[in-house]
Amino acid sequence: MKKNNFQFKEDFLIGSAIAACQVEGSWKEYGKGETIADWKTFNPNLDRKNFKTEDEMELTKEKLNYNVQNESNLIFPNRTAIEFFENFEQDVQQMKDTGIKSLRFSISWARIYPDCDQEKPNQEGIIFYKKLFELLKSKNIVPIVTLSHFDYPIDVINKYGGFDNKKVMDVFFKYAKTCINEFKSYCKYWIPFNEINCTIISPTTGAGIILGENEIELKKQKSYKALHNQFVTNCLIKQYIVEQNLDLQIGGMIASRQSYPISCHPEDVWIDTIASQKNLYFYLDVMTRGYYPNYIKNFFKENLIDINAEHKELELLQKYNIDFIGFSYYKSMTNGRNVETTGGNLTVGGKNPFLESTEWGWQIDPIGLRILMNDLWDRYQKPLYIAENGIGMDEHFDIEKKDFNDYYRIDYLKGHIKNMILAMNDGVECIGYSVWTAIDVISMSTREMTKRYGLIYIDQDDYGQGSHKRYLKESGKWFKKLVDSKGAICFE
Ligand code: BGP
């Protein structure tokens, strides 16, 4: 392999990401309100090779009612998750053993404002996150905070519905200001919305929109309205930071959708071009350039979508752009006239004959990351942050023998991080990389525990059974070497 003298800079944010609803547990304790994640179930009969991610992530009114009616017979894994709320000190210590120098975590809105209209925040929530920030500081781990990571509060749904209601912007902005005021001395990097494109793909998960089965035709209209309100909320938060003269940064964050035309036939290329505009560039165009591009205005017109944008909101979009582009990257896909579909992060995509897939059909494509980074940098010239990257596997280790050899994860991470470094050598500015994830967590799309991503193994099954003991996997040891070598290990 060609020698590469690259080394991460001292302030490169190399670390891991987690999300409140996938780790914390203590769903109704310490004053926390319920969230949409607390009402999603684990389905033991799910066929992992053949399901639609969107269906698994959405909740209709009927489905939610059913879950409420049948609560005692169903499994709600996010309610206890991996009990990070109770064990965060030990967990962070073990994460530190994987070498991480940054941790991207999310704050749970419902833990800070269990009643979204209450005047003062829930002190138990504030204390918990303060303790977490303090602990990270004592271990020299730089925090990166997400304010909304797929755990929309039920209280907000009951009072105001989803983010398509402009009133939700007010209550969310109040929550964001509380977090900034309370934690600004600990944290410089703020991501208001995880994977903001999820609002279109799964409006329940991304924006708290719950429709009846006979209201599904409202989905497009409501989700684009909600997305617009979230874009504007990003700006309100940025405006607040600027006006308060705070040295903080706001990041946009999307689930990236790297794709290729299935062939060089111009029609396939055109289909892929449109898909990239609508599913990838649109979000970043608005958040970085500050206006809606013509191709999406045309799409709105053709689909009779009115996003209800007020003049002053369009001015805000223009004035307050994001400081960095965060994105998750797990896989790539193809587009064209004739593609066979396969699984993926948030949505299914077209198969690529040159790539291998995980058991859930996510196609592994390290070079795709380099291509995407170059593309985004050339298009926007905003620093990039890889907010999530990792591989979900069904893992069976011999606990007695303490054999936790996840060589496939090392291969996956090595390939991707190497390509990130190559992109940085190409000239791309990148401020950090977060592996998804430091520790096994509840899967977002399927609520399984057996779909593991962690550098640390937890002896816990899909039903929450097991010793709950934590063990460092080989990938955790490798990650420490990666950090210590400042990336050089990827070229050995
Ligand atoms: C991203 C989410 C994460 C995470 C990851 C893996 O979309 O931001 O929360 O879970 O995907 O997805 P899953 O857990 O469904 O395999």
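Quick notes on this one:
- Residue match in region 96-119 (condition: hydrophobic (A, V, I, L, M, F, W, C), touching a residue at least 12 places away in the same chain (Cβ under 8 Å), in contact with a helix residue (DSSP H, G or I) (Cβ under 9 Å, 6 or more places away or on another chain) and over 30 Å from ILE14 (Cα atoms)): yes
- Among (1) over 20 Å from PHE327 (Cα atoms); (2) in contact (Cβ under 8 Å) with a residue 40 or more places away in the chain; (3) within 16 Å of the ligand (Cβ to nearest atom); (4) not in a loop (DSSP other than H, G, I, E, B) - the single one TYR408 does not satisfy: (2)
- Taking first residues from region 422-448 that are of a type in the set (A, V, I, L, M) and partners that are within 11 Å of the ligand (Cβ to nearest atom) and part of a strand (DSSP E or B), the Cβ contacts under 9 Å between residues at least 6 apart in sequence or on separate chains come to VAL435/ALA17; VAL435/GLU388; ALA438/ALA17; VAL441/ARG452.
- Within region 150-269, strands (runs of 3 or more DSSP E) holding 2 or more residues that are open to solvent by less than 30 Å² (accessible area, probe 1.4 Å), closer than 26 Å to ASN140 by Cα and not polar (S, T, N, Q): 189-193, 249-255
- Residues (under 22 Å from LYS382 (Cβ atoms) and more than 20 Å from the chain's Cα centre (by Cα)) located in region 222-237: LEU236
- Extreme residue, surrounded by the fewest Cβ atoms within 10 Å (Cβ to Cβ), among residues of region 289-302 that are of a type in the set (Phe, Trp, Tyr) and without any contact (Cβ under 8 Å) to a residue 40 or more places away in the chain: TYR291
- Among (1) surrounded by 21 or more Cβ atoms within 10 Å (Cβ to Cβ); (2) of a type in the set (D, E, K, R); (3) assigned to a helix (DSSP H, G or I), the one test that GLU124 misses: (1)
- Residue pairs whose Cβ atoms lie under 7 Å apart, separated by 6 or more positions or on different chains, with the first residue in region 33-55 and closer than 30 Å to TYR175 by Cα and the second among the basic types (Lys, Arg) and modelled with pLDDT of 95 or more, are GLU34/LYS28; ASP38/ARG79; LYS40/ARG447; THR41/ARG447; PHE42/ARG447.
- Scanning region 139-149 for residues that are in contact with a Gly (Cβ under 8 Å, 6 or more places away or on another chain) and either in a loop (DSSP other than H, G, I, E, B) or of a type in the set (Phe, Trp, Tyr) (or both) yields a single hit, ILE141.
- Odd one out for ASP398 among (1) crowded, with 19+ Cβ neighbours inside 10 Å; (2) of a type in the set (D, E, K, R); (3) away from the ligand (no atom under 16 Å from the Cβ): (1)
- Within the option set ASN345, ASN294, ASN303, ASN352, being at pLDDT 95 or above and either under 21 Å from CYS430 (Cβ atoms) or in contact with a strand residue (DSSP E or B) (Cβ under 9 Å, 6 or more places away or on another chain) (or both) holds for one residue only, ASN352.
- Taken together, PHE133, PHE105 contain a single residue that is open to solvent by less than 10 Å² (accessible area, probe 1.4 Å), closer than 23 Å to SER16 by Cβ and within 18 Å of the chain's Cα centre (by Cα), which is PHE105.
- Note on region 427-478: among residues that are among the acidic types (Asp, Glu), open to solvent by 20 Å² or more (accessible area, probe 1.4 Å) and farther than 25 Å from VAL142 by Cα, the one that is farthest from the ligand (Cβ to nearest atom) is ASP459.
Residue-wise test of (1) in a helix (DSSP H, G or I); (2) under 27 Å from ILE371 (Cβ atoms); (3) in contact with a Ser or Thr (Cβ under 9 Å, 6 or more places away or on another chain).
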{"site": "VAL428", "(1), (2), (3)": "no, yes, no"}
{"site": "ARG447", "(1), (2), (3)": "no, no, yes"}
{"site": "TYR471", "(1), (2), (3)": "no, no, no"}
{"site": "PHE479", "(1), (2), (3)": "yes, yes, yes"}
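The values are calculated or read from the model by the stated rules, or taken from the named source; none is laboratory data. Since this is a predicted model, take the numbers as computed values, not measurements. Methodologically, a virtual Cβ is constructed for each residue, glycine included, from the backbone with ideal geometry; neighbour enumeration extends over all protein chains shown. These accessible areas exclude ligands, DNA and RNA; they are computed on the full protein's heavy atoms, side chains included. Shrake-Rupley method; radii C 1.70, N 1.55, O 1.52, S 1.80 Å.
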